[in-house]
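Each remark here refers to the structure printed beneath this line.
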Amino acid sequence: MEHNPIEHLDDIYTKISQDMKHDPEKITKQISAYLKKLDEGDTEAVQQWEKLWIHRRQLHKEDYKRLGVRFDFILNELETERYIPRVYQLLEEKDLCELSEDGSLVMYLSRYDPNLGKPVVRKADGTSTHLTKDIANILMCHEKYGDVEKMIYVADIDQERYFKQLFRIVNLMLENTSPCSELIHVAFGKILNMSVIPLKQVLDTAKEKTLKVIKEDMKHGKYVDILKEGISVNGRNIQGEEAVDYIADTLGISAILTQDMAVKRTRQYRFLWDKMTDARGDTGIFLQYTHARICGIERKLDMPVSAHCHFSLLNEPEAFELVYAISLYPDIIQTAFQTLDSCTVVTYLFKLAHMISQANYNLRIKDVNPNLAEARLLLFWAAKTTLANGMRLIGLCPLERM
């Protein structure tokens, strides 16, 4: 448990799942008994839970750090326990619950919507349910943070009915005094060809596949400059194998995130490992390659980017199309914010990257009139900056060399 907590917990989970198939009634009773101990504040059970929670939090902290994700706070589920009596009190005051024949406390939501059924808010043995805890969490957030404009729950589409139940209960229970003006379920589809795999394993696999491609390229003379000169990461210069390792990890993460977010979030899809290493198709590596290529052009030119140039010289169709694409960025971000769907941004970035590549092929900067070169350089700088802003928005770290 101390040396490899997640692997140990996975083994326990697998064993319990197997036992559940052979004797579901016995295992269900054991689970209920343990949850009842937690509800009642049993010292041993709570301490064990806290220990497991710390292990889980530390593991996720490392994975999320690798992805560049930082949380302001992480909720320990046990924090909501003291709000559960308040939930039952409000439900009783509003006369919203009834005791069923088996002794559990249920809400007959079917009276308000035939599709919502009768969810249980307290089991027959007196233990709370996941639904009760989520209601308590809303009360807790209101007390800790005041009036909350939105609470957004990101969970798979199979839980759509559950969240409709939760939101309806909160609205009925609190009427017009809800601590949150909007409760939103952001549903996402499943990856069809992948089982439950630890995030670290997915990231490591992506890195290994990308590193294999990089090392093959190194045999043909690529990455010589990076090995010698290094790259800048968080204000420090890293060189040699460390630089290559960083690039491989960044490209692997970019490939995974982009392939996942390129699909409309409610759709199911199949993850394609072979696609992720493609530097020409609509992939995260293509976005990184495009950004790094423009950075490379800027490095090689002995010319500063200036806003004071002759824009009238940009009269080619590729220039007009690229300017128009750049101008769409604010509207794209606004649409993504309204729909809470990242595919809007990713699709835009793919189109922008293709336009940058096409413009780069036709609009030379080197060995042309200096005024024209200056205007084109500013155009590519603006396109690269817009591309980088969008990449950061979806969690990618733009590479300047690769």
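The values are calculated or read from the model by the stated rules, or taken from the named source; none is laboratory data. Please read all numbers here as calculations on a predicted model, not as lab measurements. Because the Cβ atoms are built from the backbone with ideal geometry, glycine has one as well, and the counts that use them run over all protein chains shown.
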Review point. Residues of region 237-268 being outside any helix (DSSP H, G or I), closer than 16 Å to Gly284 by Cα and more than 16 Å from the chain's Cα centre (by Cα), which ones?
Key: none
Check your understanding: In region 269-279, which residues are of a type outside the set (Phe, Trp, Tyr) and in a loop (DSSP other than H, G, I, E, B)?
Key -> Arg270, Leu272, Asp274, Asp278, Ala279
Check your understanding: Can you tell me which residue in region 149-207 is modelled with the lowest pLDDT, limited to those that are touching a strand residue (DSSP E or B) at 6+ places or on another chain (Cβ under 7 Å) and among the charged types (D, E, K, R)?
Key -> Glu149
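If you check Leu52 against the conditions, is it modelled with pLDDT under 90, assigned by the TED database to the domain that holds His8, in a helix (DSSP H, G or I) and crowded, with 17+ Cβ neighbours inside 10 Å?
No; evaluated as a whole, the condition is false for this residue.
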Practice item. Considering every residue within region 299-322, establish whether at least one is under 30 Å from Ala155 (Cβ atoms) and either among the aliphatic types (A, V, I, L, M) or touching a Phe, Trp or Tyr at 6+ places or on another chain (Cβ under 7 Å) (or both). Key: no
Check your understanding: Mind checking which residues of region 216-232 are surrounded by fewer than 16 Cβ atoms within 10 Å (Cβ to Cβ) and in contact (Cβ under 8 Å) with a residue 12 or more places away in the chain?
Key -> Met218, Asp225, Leu227, Ser232
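Results for (1) of a type in the set (D, E, K, R); (2) closer than 23 Å to Gln58 by Cα, shown as yes or no for each residue.
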{"residue": "Met194", "(1), (2)": "no, no"}
{"residue": "Thr210", "(1), (2)": "no, no"}
{"residue": "Val224", "(1), (2)": "no, no"}
{"residue": "Glu241", "(1), (2)": "yes, no"}
{"residue": "Ile247", "(1), (2)": "no, no"}
{"residue": "Ile253", "(1), (2)": "no, yes"}
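From Lys133, Lys118, Lys144, grab the single residue that is of a type in the set (Lys, Arg) and in a loop (DSSP other than H, G, I, E, B).
Lys118
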Exercise for review: Having 2 or more residues that are surrounded by 16 or more Cβ atoms within 10 Å (Cβ to Cβ) and touching a Lys or Arg at 6+ places or on another chain (Cβ under 8 Å) is the bar; report the helices (runs of 4 or more DSSP H) wholly within region 288-402 that clear it.
Suggested key: 317-327, 343-362, 370-393
Check your understanding: Can you tell me how many residues in region 97-149 are touching a helix residue (DSSP H, G or I) at 6+ places or on another chain (Cβ under 8 Å), in contact (Cβ under 8 Å) with a residue 24 or more places away in the chain and crowded, with 16+ Cβ neighbours inside 10 Å?
Key -> 21
